[in-house]
1. Just give me the residues in region 470-520 being under 19 Å from N426 (Cα atoms) and either open to solvent by 10 Å² or more (accessible area, probe 1.4 Å) or touching a helix residue (DSSP H, G or I) at 6+ places or on another chain (Cβ under 7 Å) (or both), in sequence order.
2. Among the residues of region 577-591, are any crowded, with 22+ Cβ neighbours inside 10 Å and over 23 Å from T701 (Cβ atoms)?
3. Of the conditions (1) touching a strand residue (DSSP E or B) at 6+ places or on another chain (Cβ under 7 Å); (2) closer than 19 Å to T123 by Cβ, D310 fails just one. Which one is it?
4. Within the set of pairs 6 or more residues apart or between chains, which connect a residue that is among the β-branched types (V, I, T) inside region 689-704 to a residue that is at pLDDT below 95 and part of a loop (DSSP other than H, G, I, E, B) with Cβ atoms less than 6 Å apart?
5. I'd like the residue in region 441-460 that is more than 18 Å from S611 (Cβ to Cβ) and hydroxyl-bearing (S, T, Y) and, out of all such residues, is surrounded by the most Cβ atoms within 10 Å (Cβ to Cβ).
6. Report the residue count in region 59-74 for those that are in a helix (DSSP H, G or I) and either open to solvent by less than 60 Å² (accessible area, probe 1.4 Å) or closer than 20 Å to L206 by Cα (or both).
7. Please state which one of N704, N650 is buried (at least 16 other Cβ atoms within 10 Å of the Cβ) and modelled with pLDDT under 95.
8. For P548, state whether it is over 20 Å from V461 (Cβ atoms) and open to solvent by 10 Å² or more (accessible area, probe 1.4 Å).
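The values are calculated or read from the model by the stated rules, or taken from the named source; none is laboratory data. These numbers come from a predicted model, not from an experiment. Cβ placement follows ideal geometry from the backbone for every residue including glycine, while neighbour counts extend to all protein chains displayed. SASA here: full protein model, heavy atoms, side chains in, ligands and nucleic acids out. Shrake-Rupley method; radii C 1.70, N 1.55, O 1.52, S 1.80 Å.
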Amino acid sequence: MLFNPKQTCDFSMGDMATYLQCFWGLFLSLSLYFIQSESTSHVYVVYLGRSQFHDPLVTSKSHIQLLSNVFSSEEEAKQSMLYSYKHGFSGFSAKLNSTQATTLANTKGVISVFRSKVLKLHTTRSWDFLGLTLYSGEVTPLQLTYGDDVVVGVFDTGVWPESESFKEEQGLGPIPSSWKGKCVKGEDFEPKMDCNRKLIGARYYLQGFEQEFGSLNTSGNPEYRSARDFLGHGTHTASTAVGSMVKNASFLDFALGTARGGAPRARLAVYKVCWGKNLDGNCAEADILAAFDDALHDGVNIISASFGSDPPLTPFFSSSADIGSFHAMQLGVSSVFSAGNAGPDPSLVGNVAPWTISVAASSIDRVFPTEIVIDSNFSVMGESLITNEINGRLVSAFSYFADGACLMENWNKRVAKRKIILCFSNRGPVPSAGIAQAAVLAASGSGLIFVEPPTMQIADVDIIPTVRVDVGQGNKIQIYIAQSSQNPVVKILPSKTAIGKSPAPVVASFSSRGPSPISPDILKPDVTAPGVTILAAWPAKTSPTLLPFDDRRVNWNFQSGTSMSCPHVSGVVALLKSAHPDWSPAAIRSAVMTTAYTRDNTFDSILAGGSRKVSDPFDIGAGHIHPSKAMDPGLVYDMKTRDYIIFLCNIGYNKNQINMLVLPSTGTDTSCSHVHQTNSNINYPSITVSNLQSTMTIKRTVRNVGRKTTAIYFVSIVKPHGVEVLIWPRILIFSCFKEELSYFVTLKPLKKSQGRYDFGEIVWSDGFHKVRSPLVVLVNNSNDDDDDDPSVFASNITAASSSI
């Protein structure tokens with residue numbers, strides 16, 4: 001029993017014995033506390049930068065030697081270690097107490113030591129909406145022309161190998177000779193049966209998860225100790241990115257059509273790093289880094305990862321995703337991440353490293369209108385996925401739930417048999433339709449009409465029939481119920497599929513928004529892509545809701561989230577890598593960003609879900625992806641090693657540490673300048689200045705990648721409000737002798753302001769290509785006494801012109 005000074009110490013007695021008893025009791029308690037804290041072990045990642053040895057065995061031995069410094073023997077060190085990361089980078093994960101972790105963190109040659117956290121998942125019409133239509137009259141549509149030679153590594157919950165999405169496409173050639181990966185045998189996963197020329201790799205990583213949650217219990221917790229997928233998330237994302245063409249795909253006849261991934265001919269390698277626990281996906285960072293290490297050795301070309309954590313974000317090199325993707329970038333491998341599902345509030349975007357692509361989520365032009373007929377007197381339209389007509393009596397939530405809030409704890413125990421209950425999301429409030437469904441299900445209700453703001457409505461796969469209606473329609477229904485002498489008769493008709501009847505894209509309300517909380521001068525998210533009610537492959541033995549009492553089984557399922565938008569971009573990146581194998585990850589990201597669009601299918605500005613307002617770059621990044629345009633962007637903003645070195649200097653790394661991180665290259669200066677260089681000067685395709693106090697000049701460099709080596713580009717500018725923008729030169733002339741040119745952007749604040757972002761854009765055009773960069777500026781000078789000196793603006797312009 002622990003000592004409790006409140007119970008033991010009565011100082012009012014003034015007894016010396018009591019004082020001594022209290023002192024020694026308190027001392028003993030604190031000693032036991034610190035001993036317990038020191039002896040408690042957790043999984044830590046020890047990151048050492050790039051591999052200093054070319055031999056993986058030598059690298060692993062060096063890890064054991066380093067780890068042995070905090071253990072009494074080498075054998076204890078070996079037992080503590082989970083993984084040795086020895087291919088794409090150097091480091092290891094091990095069970096350590098806080099003292100051991102601190103000792104290693106202070107050891108020379110160690111970049112960072114951090115606790116292995118558990119990340120969460122950010123949970124076929126979409127490709128037609130993106131302009132990649134199969135039957136457009138082309139002999140060889142874009143999706144079928146490229147991809148054979150590209151391998152996409154999907155880090156997720158595994159794969160259902162029997163799905164038709166992972167069959168071999170007709171005419172698919174042999175596995176690329178560069179591939180070094182393999183399919184690993186496991187529970188219900190036999191490599192000879194389950195892998196082919198499409199699914200060419202399958203690995204699973206469990207040690208980090210089991211250290212966090214205990215041994216995987218496959219009997220009480222439906223999971224497979226193998227690369228086989230139960231949760232469905234990994235099967236869904238993999239088929240979205242690279243799934244083969246499958247005709248007549250649908251969810252219970254909704255969205256019937258030909259399903260396929262962005263790059264149907266690309267190869268798939270699955271790395272199962274996320275595991276089900278209480279039907280939730282959990283991804284341990286120790287496992288994620290092990291997957292990165294293997295994937296880079298196996299020879300993947302793109303990594304697609306739909307997981308992350310919400311702010312507060314950890315430093316860049318105390319994050320498995322940032323470390324793995326940094327070394328992937330150096331090896332020419334693009335990493336695509338989901339931006340997160342924490343919207344619509346600002347500054348909650350995740351996965352913000354400047355060497356990755358961060359993807360927001362938006363809708364497509366497909367909806368599922370569902371008619372509700374009340375007493376045959378009037379009807380309202382909502383959205384749902386209801387297959388059969390439903391009849392019952394319409395009741396208000398006030399009849400069954402305290403304060404009219406459809407929450408389990410508010411249920412008054414009255415049975416609502418054959419009742420369809422009207423629930424308002426703002427009563428309670430009720431955070432989601434799923435929570436209201438659980439409450440109505442507990443009350444034995446037959447159905448739910450869920451009222452929420454119009455920008456929040458997303459048709460979903462429900463556990464009971466649910467129609468989502470907006471607040472205006474919900475008010476009409478509520479008034480009708482109040483004025484009726486008895487419960488009205490209600491009929492809900494089967495839902496339909498409607499295409500092109502609604503403005504799209506619209507940013508999903510859940511999609512995480514910028515600015516980046518840890519690097520505000522780098523715009524994140526980078527782009528947006530389809531992520532709302534996306535149809536893709538699903539495990540045949542998993543119910544569409546994952547719930548054990550749901551006995552439905554489907555081969556295709558709807559899912560929403562930035563988890564779904566991420567693989568859309570991964571598929572496009574695979575096409576770009578196949579068409580332009582010499583492009584760097586930065587050049588590919590540039591092509592995706594500078595060709596993105598900001599207008600919807602009504603030619604108006606894209607709306608931001610969660611509001612009625614026009615979206616801005618913090619909602620959509622550079623805009624909505626346009627795959628066919630990205631194949632021929634005209635110009636690209638590439639990033640040299642020096643760009644990343646400037647960024648590393650700005651986040652606190654010195655020359656010695658940078659040499660441990662960056663692959664050596666001739667003539668590259670790894671020193672940090674004594675004069676601070678803002679991250680705005682990194683050659684990113686967007687320009688963001690998060691603290692404009694006075695006139696400043698920013699440099700950008702573009703490379704001509706168009707079909708014509710001789711090209712002339714002219715600039716046009718949309719100025720952010722209250723900011724003067726000058727670009728020099730205003731004309732870029734490319735030739736076979738000059739394929740790369742620089743220009744300078746000088747910004748001058750024209751207003752007093754603080755804490756307000758304004759938005760503009762810079763567009764370079766040769767008459768055919770339009771190379772667009774968002775311009776994001778926060779003027780922060782309201783406390784300044786004097787206006788900016790005009791001579792500073794002039795001198796900046798002179799300096800820019802002399803540099804040219």
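1. Residues satisfying the conditions are D470, V471, G472, Q473, N475, K476, Q478, I479, I481, A482, S509, F510.
2. Checking region 577-591: not a single residue is crowded, with 22+ Cβ neighbours inside 10 Å and over 23 Å from T701 (Cβ atoms).
3. If we test D310 against (1) touching a strand residue (DSSP E or B) at 6+ places or on another chain (Cβ under 7 Å); (2) closer than 19 Å to T123 by Cβ, just (1) comes out false.
4. Partner pairs satisfying both residue conditions: T695/D788.
5. S446
6. Selection size over region 59-74: 8.
7. Working: N704 fails: modelled with pLDDT under 95.
On inspection, the qualifying residue turns out to be N650.
8. Details: over 20 Å from V461 (Cβ atoms): no; open to solvent by 10 Å² or more (accessible area, probe 1.4 Å): yes.
Taking the combined requirement at face value, the residue does not satisfy it.
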